[in-house]
Amino acid sequence: MDNQPPLLTLPEDDMRRMAEKVFDLIVDHFAGLKDLPVTTPSTLEHVTEGLHEPMPTQAVPVEQLLAQLKIHVFDQMTHLDHPRYFAFVPGPSNFVSAMADAIASSFNVFSGAFIGPSGVAQIEVTTIEWLRELFRFPQDAGGLFVSGGSMANMTGLAVARHVMLAGNTTNATVYFSDQTHSSVAKGLKILGFQQFQLRKIASDATFRLSVDALRQQIATDRLQGLVPFCVVANAGTTNAGAADPIKELSAFCKAEGLWLHVDGAYGGSAAITERGRKVLEGIELADSLGIDPHKWMFQPYEIGCVLVRNREHLKNTFRFSAEYLKLNEQCAEQINFCDYGVQLTRGFRALKLWLSLKAFGVDAFRAAITKGIENAEIVESLLRNDDCWEIITPAQMGIITFRYRADGLDEPSLNELNNHIAQDIIYSGYAMLSPTILGSKHVLRMCTINPRTTYDDLKQTVGMLKSFGEHIEVKPIS
Ligand SMILES: Cc1ncc(COP(=O)(O)O)c(C=O)c1O
């Protein structure tokens, strides 16, 4: 009996063999990605063919499983880390952080509480401290790594609710522009706010929140008996990369006694560069800030981060005690991250950011972010050289929006034409970009934050878009 291997283990040799195969798969991915199609359009039938199967009751050889995964999952997927993935928000991850995730997962690190003097919490403390410095938050600020931007926003808003309303949310209202990411409204809904409490303000002609419009709305609302308590500003909108006037909003919020949460999930990371800092002036004045290292800080999913100006606010919002958590309380002078957010058991997200910041150095991150800003400017200059394009929003924070125009087409037909162009490039597999709607215009949008994107990638993509535009036949609807 004793010769039986323990349950759910592999002999050491088998582990080494599997690790080699897994790491070959990973290195092949990183080394060969740029030569693959960005996406391989497939049918639901095709996708389920190799994966819709009965539950296994017996062991299947690992080699066979890896082969199945390669063929039916990894060779079929859309690569958000591909240099020509320009849709939504790309995820231009990096190898070092992927290795960190493998280590964190292999050691099954618990990052909820200190549990004895260990480096685990200290890595998170140190990494949060680096971010605090990079974003120029004060010494008293604190933060927490969460799953992504949505959780970072919700966590910041939960703190705002706790600090500003002390539990009484009746008639309390939150203000943000119509360009604000849906995760803000979603988070507020989960936090118990009703639709009438979410005050969406029409953005100005440049898709920014106007302080004057905000002031007017808040004055009207106060007269109606509503209780404004929070403003959410965008450090780069998802649609157009537009940054709200954070510094002015901060001054306004201070004067009005309101909490300022900044959603920096898309563009916040740009604040660590010289160019981004100018656009995001005042980001360091936020009461809470959501950022998303799994976007423009090149981390693999999942890692978001919330920074809160006063660390105690974070703790006062989330700290709970229970008899089975007494051990944590004994090391209360240490940081128990379970006291700073929703999760008790949580993984070692900090490790990947820590390891990659150290392995590459923060200057490499700054250069990589700046490259993303410049890529969009290159696209803009390519488009401006050709009359067939109309720029809708100029390159800003790594995003440009534009549309193909053709003589004699009315607005609905132009919308249809541009949606077609987006479909065609996706089906080509060469590049991927997502259309969006700005005002009433259906436009093409490129988000160019992958630092591995080359000039040639950008030029060829614009050239292909034009040739699709020339070949699509759209008849005027009217
Ligand atoms: C501005 C902004 N806020 C929030 C989010 C949500 O972030 P996540 O997808 O990491 O939850 C996004 C995602 O694209 C975003 O662009």
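Below, the figures for the structure above:
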{"read-out": "Debye-sum result for segment 338-478 in log10 I(q)/I(0), which assumes one identical scatterer on each alpha carbon, at q = 0.10 Å⁻¹", "value": "-0.45"}
{"read-out": "Whole-Hz ³J(HN,Hα) from phi, Karplus 6.51 cos²θ - 1.76 cosθ + 1.60, for segment 261-273, glycine and proline x", "value": "9, 10, 8, x, 4, 7, x, x, 4, 4, 5, 8, 10"}
{"read-out": "Counting DSSP beta bridges with both ends in the chain, the antiparallel % (nearest 5)", "value": "55 percent"}
{"read-out": "Prolate/oblate/rounded label for the chain (Cα gyration tensor, a/c 1.5)", "value": "oblate"}
{"read-out": "Alpha carbon Rg of segment 107-237, scaled by the compact-globule rule 2.2 N^0.38 Å", "value": "1.27"}
{"read-out": "Square roots of 5 times each gyration tensor eigenvalue, C-alpha, segment 363-443, largest first, Å", "value": "26, 14, 11"}
{"read-out": "Angstrom value of the Kirkwood radius, inverse mean 1/r, which spans all Cα pairs in segment 12-77", "value": "13.7 Å"}
{"read-out": "Of the chymotrypsin sites (Phe, Trp or Tyr not before Pro) in segment 284-375, those whose Cβ has at most 11 other Cβ within 10 Å and which sit in DSSP loop", "value": "F320"}
{"read-out": "MRE, 222 nm, helices only [DSSP H, n ≥ 4, -39500 (n - 2.57), over the chain, to nearest 500]", "value": "-13500 deg cm²/dmol"}
{"read-out": "Kyte-Doolittle at least 0.0, axis length at least 20 Å by Cα - qualifying DSSP helices, the chain", "value": "119-134, 149-165, 362-384"}
{"read-out": "Segments 260-270, 95-105 sorted - mean Cβ within 10 Å per residue, highest first", "value": "260-270, 95-105"}
{"read-out": "Sorted peptide list for 183-191, 422-430, criterion being average Cβ within 10 angstrom, highest first", "value": "183-191, 422-430"}
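No value in this document is a laboratory result; all are computed from the given coordinates. Here the structure is a predicted model, which is why all the values come from computation and not from measurement. FYI the Cβ positions are ideal-geometry reconstructions off the backbone, even for glycines, and counts take in every protein chain you see.
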